[in-house]
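One structure below.
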Amino acid sequence: RPTTNATPTNTPAQGADSARQQAQQGAGLAATGEPTPRPYNRVVTPGATSRPGLFKTHRIGSRVLFEIPRSALNKELLLVVRAAAVPVNAGYGGQQIGQRRVVRWERRDNRVLLRSISYATVSDSAHPMARAVKNSNYDMVLAAFNVDAYGPDSAAVIDVTRLYTNPPVEIGPGAQFRGTPDPTRSFIERVLSFPENVEVEALLTLPPPPGAAPPANPFQPAATGTASVVLHWSMVKLPERPMMPRLADKRIGFFSLSQLDYGRPEQRAQEREYIVRWRLEKKNPGAAKSEPVKPITYYVDPATPTWLKPYVKKGIEAWQPAFEEAGFIRGIVAADPPANDPDWAAEDARYSVVRWLPSTVENATGPNVNDPRTGEILESDIYMYHNIMTLQRWWYFTQVGHLDPRARMWPFPDELMGRLVEFVVAHEVGHTLGYQHDQKGSATYPVDSVRSRTWVAKMGHSPSIMDYSRMNYTAQPSDNIAIEHLLPNIGPWDKYITRWGYTPIPGAKTPDEEWATLDKWSREQDATPWLRFNMSDSRGADPGDHSEAVGDADPVKATGWGIQSIKQIVPLLVPATVRDGQDYEDLNTGYGRVINQWATELTHVADVVGGADAQEKYAGQNGPRYRPLSRARQVEAVKFLNDNAFATPRYFLVDDILSRIEVEGAIRRINAAQTRVLGSVLNDRKLERLIEYEALATNKADAYTLTNLARDVRGGIFSELSSGGVQIDPYRRELQRSLITLMGAKINPPPAAAAPAGPGGGGGFGGNQGPARLTSDVPAVFRAELRSLDADLRTASGRARDAVTRAHLEDARDRIAKILDPK
């Protein structure tokens, strides 16, 4: 609109005002400060590089303009930020930065706003509360832009350069990189526009914040000094026709999203949970099985080592039989990126990619990007860190190295490592399909079945590849289980959850109309145990609901077999890892990992203490959700630990190994592993459950009490005290001191952690976090136990066979005295 220049006078202040007004007009601002659009051809000049798409983009030198038509305004888009390239030690190219968010472009007079939209609370638009809900969930303005010009159909042209070279904190580099981008060292790298999305990539240089200390050395992670990073923003159009969401069920292992719905008839603000899943629609809706209109497609990163690409594809397409259970033929497929498409990018949010990242991290992850309105998965990227192969190699060796001669070849043959990578890819694909871990699965098979050649060939050693049930460490050479069946595969639970989540339900037009069918499918778990899923609130009480276990329907029996396997694997360490002309690093690493595997298996037995069998149930299903384990099972577990975990494992004390890897440290290694198991037995949550289960028991004689546990553990670890002549080896002396220390922590918890951690008292849901509640029976029981132990130590001291044993017994008494009467 026209503006009027101020008339200059001889007054200095007025002259300054005039200069300011002229500068504003040159920048497209009226004297009032309002934007003043200019002619289109003066903004989008002939030198612009333009691309059509969701909205037009224009590159003019270092600037980027968006031309947003009316049809693209007020439409919801999904904004995903990823790191395309990072400096060393500062993450990985391809990783998502922050949370995905829904955004919307709005025009307000001659400005355009970019708003962030939340779906945390919702209400039907026809409900009287709809306006109040909207007003209590007001959409944040991420950025505001002046309209520089109007194009055809009143399309607003805005300069978005600074949105990307100096982004708002909500969509910027995040906490991983500190500092504000330096505009003189930050540039737009590329801009691509497509019918459904716009992709922008920018190089940002971030100096450290003012006053930040310089890095101690130039090779520290980039977060401590100046860093340059390339970020990739994907702005993707959300579906015009939202997918009908499917209600979540605690009995089924889908990831889910929550909405607080104020428009429901339940006379309350109801939390509605919807599963996260892909949209699959049949080409032929009337057919029992049909190809999908659009299959789930994963591209294999070109950076993947060539020899591994076939195995990555197998891991993706391993899920095809599961989708057939849901009625889809080739519902999921693997693909190579187009060979000659310069615009194809793994960061493009239209493509799901199995990324291969140069990293020493021994891991892989499988996140997804979903529509917050419905849970529809729009895209996902699986991150395979290069050293996942190291983790797989050691898992395989420490669990089934006695069964497969290839495990003793360093490095593994390509066919074996490829198969291990295939297993990891299949597991991570499961996460990107919406599936959680099914840690309960391995406990739902009869324990003897996991050593049955015919059972394992048909059912696997766990019903789900989503379980953390790695290789079948219970298997023995005499079982003759085929080598290819030692690894997990897509199993019955995987097919079941795919059927539950992806099978179309004819005639259902709303999520509520689907529920009767879904509930019927969920109740199949009552008759078929291996279809069950972890209980959401069992709080770690179920010993069958833990990771890294095989055969945990009976952890005592399964761990006994596992220890048999370890005893066969230890002698293989030297021939497998020692090579002429090389150091002993692999031997050292392998020895530590075998001991760690031993401790891991024994903690599964420790989880029987204070344990309960749990099954998630809804009203109408018979039987309890929780059932405390019997006294007999807990007594058996503690005896097994005394005989196997707390007795010195002399099969690890191999001179041929120890003389090569360390001048000292064997006692500390063994003690660390034993103390880990002991700490798990004395976990505060377990101790509190023992107290509660005794209080609730109809017949007190059926309960395994806290007093029973304390006495049994102490009696096992100090069993030498009952001998006619007392002699205690160095490993046991170390373990006995560890027990006294742990018991002392129950009586005198560390001051900083003395406060109860919520209604359940101290301690997390796993491990031995926090102190026992000072108002519980735990301190009293362990105080009494230490007094009894002190009396036994006093009596045994006179029967000590050697000076060091006598000194140890007297030292133990001194330690107890300080615990019972701290000064």
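The values are calculated or read from the model by the stated rules, or taken from the named source; none is laboratory data. In this text the structure is predicted, and so the values were computed from the model without any measurement. Note that we place each Cβ from the backbone using ideal geometry, even for glycine, and neighbour counts take in every protein chain shown. We work out accessible area using only protein heavy atoms, side chains counted, and drop any ligands, DNA or RNA first. Shrake-Rupley method; radii C 1.70, N 1.55, O 1.52, S 1.80 Å.
A few comments on the model shown:
- The angle between the Cα long axis of helix 492-502 and the main principal axis of the chain comes to about 30°, on a 0 to 90 degree scale.
- Inter-label distance for residue 707 and residue 359, nm, one decimal - labels placed 7 Å from Cα along Cα-to-Cβ: 5.2 nm
- Reachable lysines, given that their alpha-carbon falls under 20 Å from the alpha-carbon of residue 520 and they are not under 8 places away in the same chain: 250, 495, 509, 617
- C-alpha long axis of helix 12-26 to longest principal axis of the chain, angle in °: 80 degrees
- With the simple spin-label model, which puts each label point 7 Å out from Cα in the Cβ direction, the residue 119 to residue 141 separation comes to 2.6 nm.
- Total formal charge among the other residues, if their Cβ is under 15 angstrom from that of residue 786, Lys/Arg +1 and Asp/Glu -1: +3
- Cα-based helix-to-principal-axis angle, 730-747 vs the chain, degrees rounded to 10: 60 degrees
- Taking a straight Cα-Cα cut-off under 19 Å and skipping sequence neighbours fewer than 8 places away in the same chain, the lysines within cross-link reach of residue 237 are 56, 75, 294.
- Helix content alone sets the calculated 222 nm mean residue ellipticity of the chain: runs of n ≥ 4 DSSP H residues at -39500 (n - 2.57) each, divided across all residues, give -10000 deg cm²/dmol.
- Gyration tensor over the Cα atoms of the range 479-609: the corresponding equivalent ellipsoid has semi-axes (square roots of 5 times the eigenvalues, largest first) of 42, 19, 14 Å.
- Accessible surface of the range 397-539, 1.4 Å probe: 52 percent of it comes from carbon and sulfur atoms.
- The calculated FRET efficiency for residue 34 paired with residue 180, based on their beta-carbon distance and R0 = 25 Å, is about 0.35.
- A straight Cα-to-Cα reach below 28 Å connects residue 746 with the lysines 639, 686, 700, 818, 823, residues fewer than 8 places away in its own chain not being considered.
- Using R0 = 25 Å, the C-beta based FRET efficiency linking residue 71 and residue 111 works out to 0.85.
- Largest to smallest accessible area among 435, 385, 119 [probe 1.4 Å]: 119, 385, 435
- For the range 362-413, the set of GluC sites (Glu not before Pro) satisfying both a DSSP loop assignment and a count of at most 16 other C-beta atoms within 10 Å is given as 362.
- Other residues with beta-carbon under 10 Å from the beta-carbon of residue 349 carry, at +1 per Lys or Arg and -1 per Asp or Glu, a net charge of -3.
- With R₀ fixed at 60 Å, the C-beta to C-beta distance from residue 655 to residue 698 puts the FRET efficiency at about 0.65.
- Take every pair of alpha-carbon atoms less than 8 Å apart whose residues are at least six positions apart; their mean separation over the length of the chain yields a relative contact order of 8 percent.
- Added length on full extension, which subtracts the Cα-Cα distance from 0.36 nm per residue, residue 537 to residue 627: 31.0 nm
- Rounded, prolate or oblate (a/c below 1.5 giving rounded, otherwise prolate when a/b exceeds b/c) for the range 315-418 by Cα gyration tensor: prolate
- Our summary of shape: the Cα atoms of the range 544-685 have principal axis extents of 68, 25, 23 Å, ordered from largest down, in whole angstrom.
- Per residue, the accessible area of the chain comes to 43 Å² when a 1.4 Å probe rolls over the protein heavy atoms.
- Here the label points at residue 636 and residue 42, each 7 Å from Cα along the C-beta direction, are separated by 8.9 nm in the simple model.
- In range of the label at residue 415: residues from the range 477-511 whose backbone nitrogen is under 20 Å from the point 7 Å along Cα→Cβ: 480-489
- Within the shell of other residues whose beta carbon sits under 15 angstrom from the beta carbon of residue 661, the net charge comes to -2, with Lys and Arg scored +1 and Asp and Glu -1.
- The range 396-521: C-alpha gyration tensor shape, a/c 1.5 cut-off, then a/b vs b/c: prolate
- Principal axes of the chain: Cα extent on each, largest first, Å: 111, 73, 68
- Under the convention that each Lys and Arg Cβ holds +1 and each Asp and Glu Cβ holds -1, the size of the dipole of the chain around its Cα centre is about 1060 debye.
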